[in-house]
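Engineer: Okay, handing you the structure first.
The values are calculated or read from the model by the stated rules, or taken from the named source; none is laboratory data. Keep in mind the model is a prediction, meaning the values are calculated, not measured. FYI the Cβ positions are ideal-geometry reconstructions off the backbone, even for glycines, and counts take in every protein chain you see.
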Amino acid sequence: MASDQAIRNGDTLHTQGLNVNSTRNAQLIIAARLISDFGAFLNMVALATYVYLLSNSAMSVGIFLASRVAGGIFASLIGTRFYRRWAGRLPLIAFDLLRAGLLGLLLVLPVTQQALLLPLIAFGLGFGNSMFAIGLNSQLPHMIEKAQLLTTNAWITSASSAAMVGGSLVAGVLVAGFGFETVFALNVATYLLAALLIVPLRFSRPASSDEPLHQQAEWSALRQGLRTAPVLTAMLAVAMADTLGSAAHNVGLPIISKLLTPESPSTTLGMMLAVWAIGKLIGARIASRLKGTDNAHLERRFFFGVLLMSCGFILMFQQQTLYGLLLFSLPAGLGDGFSEVGLMSRLQREPDNLRLPIFSFLTLLQMTGFGIGMLIAAPFYSWWTPGAVVLLFHGIPLTTLLVAKGLALRNGRVRRSSPTPAP
């Protein structure tokens with residue numbers, strides 16, 4: 001976990017007369033994310049397999065995954081209004097308890113009744129995951145001192161990467177050795193423990209507004225804010241395009257694993273994910289240690305991270321050997337770590353009136369892009385090679401990056417050529 005020295009730029013955050021222990025909050029948040037993400041990767045691996053074994057139908061797995069994405073989209077639509085009304089740590093605790101309760105149903109209900117409930121459980125898990133992420137990311141500046149946000153985001157990303165490695169590797173071992181019930185019970189325990197770690201968190205109180213808040217006004221303010229900040233608009237557009245590439249390689253990972261190592265595709269997939277997650281952990285640590293912490297530096301880190309990640313996945317899917325596959329998994333992970341730390345840290349610098357709707361909007365873009373990407377990309381694997389499919393879909397964020405850069409250069413030339421008004 002993050003040591004006191006690693007995030008000790010300031011111990012106490014002073015806002016509107018409240019003292020918030022920033023270092024203690026950071027340590028609790030990082031620990032909670034490590035544990036809850038470990039649980040999330042446990043159920044991501046175990047539940048898809050469980051659904052298939054229970055139904056013996058690929059369609060049921062598709063419905064399950066689609067329900068999870070739908071829950072995330074629903075969360076993104078109501079997240080802003082919800083957290084305007086109920087802020088602080090209690091909602092975060094509630095969403096951990098919700099996820100624990102949903103998985104607990106699989107421990108108490110007869111197997112014959114579970115098949116019909118699995119899509120609802122998937123929807124609830126997707127909803128809970130996204131609501132927790134929106135609440136945590138948008139409220140982090142009320143828990144962590146501004147000078148510590150970049151480092152804390154890097155530790156959160158690193159913790160999530162470590163959780164992915166652990167959860168992905170442990171899930172298969174636990175299912176094989178002890179059965180699905182053990183995995184679900186452990187998963188429930190992880191969410192309960194994460195909720196306990198959130199209880200001691202202390203928040204500063206955001207500035208209150210005397211004007212009533214309406215959903216339409218929130219989105220209108222977001223549109224206005226993005227019009228005055230073209231770089232943020234470009235970041236969100238690239239993030240949306242990136243989810244299409246991510247959807248394509250997520251569909252393709254088991255396919256390329258089976259093509260290269262038909263005797264042990266699951267082992268190959270696990271090694272790929274582990275190397276990718278290690279790269280993401282290293283990328284997050286590097287991103288937090290680079291010189292320059294102003295907005296322009298964070299924006300450049302995000303764009304560079306997306307460039308590195310997409311190129312890494314494109315090269316990874318062109319390989320004909322296991323060693324080549326693992327070699328290029330590392331830069332793909334490095335880029336993901338760079339981009340995530342840069343994006344989260346930059347968006348958290350927006351004022352309160354924009355920060356919450358912008359994180360809700362980001363979640364909407366990511367969930368929609370991932371869902372559409374999964375549906376569109378899957379048929380291409382029947383027609384093209386995996387390398388060609390990933391080249392096409394990861395070409396989308398690369399093209400978006402080039403367009404954004406071109407527009408930025410054009411706008412810069414226009415501003416330089418415009419006559420400066422006389423004082």
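Engineer: Since S360 meets every condition but one in (1) closer than 27 Å to L290 by Cα; (2) crowded, with 21+ Cβ neighbours inside 10 Å, which condition does it not meet?
Structural biologist: Condition not satisfied by S360: (1).
Engineer: Which of the residues spanning the range 62-86 are touching a Pro at 6+ places or on another chain (Cβ under 7 Å) and over 17 Å from F361 (Cβ atoms)?
Structural biologist: I63, F64, S67
Engineer: Now for a separate question. Which residues, counting only those in the range 84-99, are in contact (Cβ under 8 Å) with a residue 60 or more places away in the chain and buried (at least 21 other Cβ atoms within 10 Å of the Cβ)?
Structural biologist: Correct list: L92, D96, R99.
Engineer: I'm trying to understand the selection: among the residues of the range 55-75, which are more than 22 Å from the chain's Cα centre (by Cα) and under 10 Å from L118 (Cα atoms)? Reasoning before the result, please.
Structural biologist: To start, the set of residues in the range 55-75 that are more than 22 Å from the chain's Cα centre (by Cα) comprises 55-60.
Selection gives S60 alone.
Engineer: Filter the range 242-299 for residues that are of a type outside the set (A, V, I, L, M, F, W, C), under 19 Å from G387 (Cα atoms) and touching a residue at least 12 places away in the same chain (Cβ under 8 Å) and give the result. Walk me through it before giving the result.
Structural biologist: Pass one, the range 242-299, residues of a type outside the set (A, V, I, L, M, F, W, C): 242-243, 245-246, 249-250, 252, 254, 257-258, 261-268, 270, 279-280, 283, 285, 288-289, 291-295, 297, 299.
When the remaining residues are screened for being under 19 Å from G387 (Cα atoms), the result is 242-243, 245-246, 249-250, 252, 254, 257-258, 261-262, 265, 268.
Within the range 242-299, D242, T243, G245, S246, H249, N250, G252, P254, S257, T261, T268 qualify.
Engineer: For the range 179-213, enumerate the residues that are more than 24 Å from F132 (Cβ to Cβ) and at pLDDT 90 or above.
Structural biologist: Listed by number, the list is empty, since nothing qualifies.
Engineer: Is there any pair linking a residue in the range 125-152 that is among the acidic types (D, E) to one that is modelled with pLDDT under 90 and assigned to a helix (DSSP H, G or I), with Cβ under 7 Å and at least six apart or on different chains, and which?
Structural biologist: Cβ pairs passing all conditions: E145/S22.
Engineer: Here's a follow-up. Kindly indicate which of Q348, Q318 is in contact (Cβ under 8 Å) with a residue 60 or more places away in the chain, farther than 26 Å from A171 by Cα, in the same structural domain as Q224 (by TED's automatic domain parsing) and surrounded by fewer than 19 Cβ atoms within 10 Å (Cβ to Cβ). Full working, then the answer.
Structural biologist: Working: Q348 fails: surrounded by fewer than 19 Cβ atoms within 10 Å (Cβ to Cβ).
Every option except Q318 fails the conditions.
Engineer: Just to be sure, is G371 surrounded by 21 or more Cβ atoms within 10 Å (Cβ to Cβ) and part of a helix (DSSP H, G or I)? Reasoning before the result, please.
Structural biologist: Numbers: surrounded by 21 or more Cβ atoms within 10 Å (Cβ to Cβ): no; part of a helix (DSSP H, G or I): yes.
Considered against the rule, which asks whether it is surrounded by 21 or more Cβ atoms within 10 Å (Cβ to Cβ) and part of a helix (DSSP H, G or I), G371 comes out as no.
Engineer: Among (1) part of a helix (DSSP H, G or I); (2) among the β-branched types (V, I, T); (3) modelled with pLDDT under 85, which single condition is T420 missing?
Structural biologist: (1)
Engineer: Moving to a separate point now. State yes or no: is S55 hydroxyl-bearing (S, T, Y), under 18 Å from V175 (Cβ atoms) and either crowded, with 18+ Cβ neighbours inside 10 Å or not assigned by TED's automatic domain parsing to the domain that holds I376 (or both)? Walk me through how you get there before you give the answer.
Structural biologist: Working: hydroxyl-bearing (S, T, Y): yes; under 18 Å from V175 (Cβ atoms): yes; either crowded, with 18+ Cβ neighbours inside 10 Å or not assigned by TED's automatic domain parsing to the domain that holds I376 (or both): yes.
For S55, the condition - hydroxyl-bearing (S, T, Y), under 18 Å from V175 (Cβ atoms) and either crowded, with 18+ Cβ neighbours inside 10 Å or not assigned by TED's automatic domain parsing to the domain that holds I376 (or both) - is met.
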